[in-house]
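For reference, the structure discussed in these notes is given below.
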Amino acid sequence: MITAGAYKMHNKEQNTKSESLISTSTELPSSITKGSSTRRNFLKTAAVGSAAAVAAPWIGNVQAQEGIRIRMQSSWQPGTTGYRIFEEWAAGVAEATGGEVRIEPFPAGAVAGAFEVADAVRNGVLDGQNWFTVYWPGKMPAGVFLTAYPMGLSVPHQWDMMFGAYGGFGIAKDLYRKQGQELLGYVHHDLNLIHSKIPLRSFDDFKGVKIRMPGGIVAETFASIGAQTTLLPGSEVYPALEKGTIDAADYTGAAVNYELGFWQVADYIIMGPPSTPCLHQAVDLMDISVNRRVFERMSPQTQDLMHDLVAAYSREHYAAIQKANAEAWPKYREKGVEIIHLTENDASRFRDAAIPLWFKWANKDPDAARLFRAHLNTMMDPAVGLVTDEDIQGYELNA
């Protein structure tokens with residue numbers, strides 16, 4: 001999980017594109033699990049250092065009095081734990097910025113379709129997004145490496161290492177700017193689950209299965225092992241399972257999927273072995289980003305502060321989702337849902353299928369190669385050890 005100062009990317013960093021400082025923390029403020037007013041106080045606390053320094057300029061700032069309204073759409077469906085946390089964070093931003101920034105939240109599909117949110121932000125239909133970054137590959141090949149992909153970085157702190165120690169956040173900043181956006185930070189969320197109407201107990205059982213996947217390298221990996229993949233927005237997953245249009249579906253984590261009623265339409269949850277509970281999207285990141293024109297209207301102090309507020313939101317969001325998950329797992333068992341864990345051998349075979357596709361997508365353009373190199377360096381770090389020289393022998397990055 002990311003500390004409050006993790007994503008403070010000073011806007012004087014235009015010439016230091018790969019520079020970011022991200023750290024991890026195992027300590028969570030007790031305010032995270034309390035009521036909405038306490039959450040807003042937590043955001044204020046996270047911003048104290050920046051806010052104290054700029055309180056006086058805000059007082060006489062006409063723009064701060066009027067406020068910069070940011071219409072921001074989330075990928076979370078209304079009524080879910082994820083969307084409630086997002087709404088609470090959005091409400092706290094005006095207070096934390098002294099009224100300079102006011103976020104107007106929208107749930108999934110309210111303004112733009114699930115896959116079109118980034119276009120809506122670039123074109124000014126929306127001002128900002130809280131998007132599942134897994135949807136980026138349709139806009140740019142490098143988007144594959146903005147979030148988890150099969151058998152890649154498998155826990156949040158490894159992503160923090162990639163963004164910070166190996167320069168990934170600066171690269172991601174560049175990618176978002178090319179899309180007319182300013183990336184304020186990533187939001188840690190959860191691993192993704194596969195809900196299935198039929199038992200899938202081994203690697204070979206995926207052959208011929210009609211399964212919803214989010215596109216890109218994730219879908220291609222499952223297709224390479226014989227699954228029949230289809231691309232659906234989140235709002236259509238439950239109806240497709242209910243009607244039997246698909247046999248199985250990737251979607252978010254335990255708590256949100258329970259709230260959406262997946263236990264009613266799928267009797268099985270398919271996971272990896274204990275070493276790799278999720279084989280395909282182990283860290284399903286979200287983002288907070290805004291249109292560049294909107295970002296440039298903010299005072300320099302508030303530009304910095306917004307990065308801090310997103311980092312605080314990431315920590316709060318992750319902790320709240322995990323707490324909700326802990327409460328959801330027993331409910332699945334009570335409903336008779338069977339949780340199936342694949343074997344270490346299944347995971348190894350899935351990894352063999354995934355690695356060629358890592359390099360295929362990385363070699364699509366220089367941006368993809370540059371970002372994947374940060375991933376590869378992280379995976380080969382002795383403290384991570386996900387990849388060895390032998391694993392990638394014969395594969396090259398062309399850019």
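The values are calculated or read from the model by the stated rules, or taken from the named source; none is laboratory data. Since the model is a prediction, treat every value here as computed from it, not as a measurement. Heads up, the Cβs are rebuilt from the backbone with ideal geometry, glycines too, and the neighbour counts pull from every protein chain shown. Side chains are part of the model used for accessible areas, which takes the heavy atoms of the whole protein and leaves out ligands, DNA and RNA. Shrake-Rupley method; radii C 1.70, N 1.55, O 1.52, S 1.80 Å.
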Probe 1.4 Å, accessible area per residue of segment 233-312, Å²: 29 Å²
Intensity falloff of segment 170-239 expressed as log10 I(q)/I(0), Debye formula with alpha-carbon point scatterers, at q = 0.19 Å⁻¹: -0.89
Tell me, what HN-Hα J-couplings in whole Hz come from the Karplus equation 6.51 cos²θ - 1.76 cosθ + 1.60 at θ = phi - 60° for each residue of segment 128-138, using x for Gly and Pro? x, 9, 10, 9, 6, 5, 4, 7, 5, x, x
Expected vector for segment 334-341, Karplus 3J(HN,Hα) from phi with 6.51, -1.76, 1.60 and θ = phi - 60°, integer Hz, x for Gly and Pro, equals 5, 8, x, 6, 8, 9, 9, 9
Using a 7 Å offset from the Cα along the Cα-to-Cβ direction at both LYS360 and LEU231, what is the distance between the two label points in nm, to one decimal? 1.5 nm
Relative contact order for segment 248-355: what percent, with Cα pairs under 8 Å and sequence separation of 6 or more? 54 percent
Using the 2.2 N^0.38 Å rule of thumb for compact globular proteins, work out how segment 103-225 stacks up: its C-alpha Rg over that value, please. 1.19
Counting only protein heavy atoms and a 1.4 Å probe, tell me what percentage of segment 243-314's accessible area is made up of carbon and sulfur. 49 percent
Rolling a 1.4 angstrom probe over the protein chains, ignoring ligands and nucleic acids, what is the accessible area of MET298 in square angstrom, nearest 10? 10 Å²
Based on the alpha-carbon set only, what is the convex hull volume of segment 187-341 divided per residue, in Å³? 125 Å³
For a quick check: with amide H placed at 1.01 Å from N, whose amide H comes under 5 Å from GLU104's, ignoring anything fewer than 5 positions away on the same chain? ILE70, ARG71, MET72
On each of the three principal axes of the Cα atoms of segment 267-397, give max minus min coordinate, whole Å, ordered largest first. 53, 48, 27
How far apart, in nm, are two points set 7 Å out from the Cα along the Cα-to-Cβ line at VAL111 and at HIS341? 4.3 nm
Taking R0 as 45 Å, what's the FRET efficiency between GLU396 and ARG292 from their Cβ-Cβ distance, rounded to 0.05? 0.85
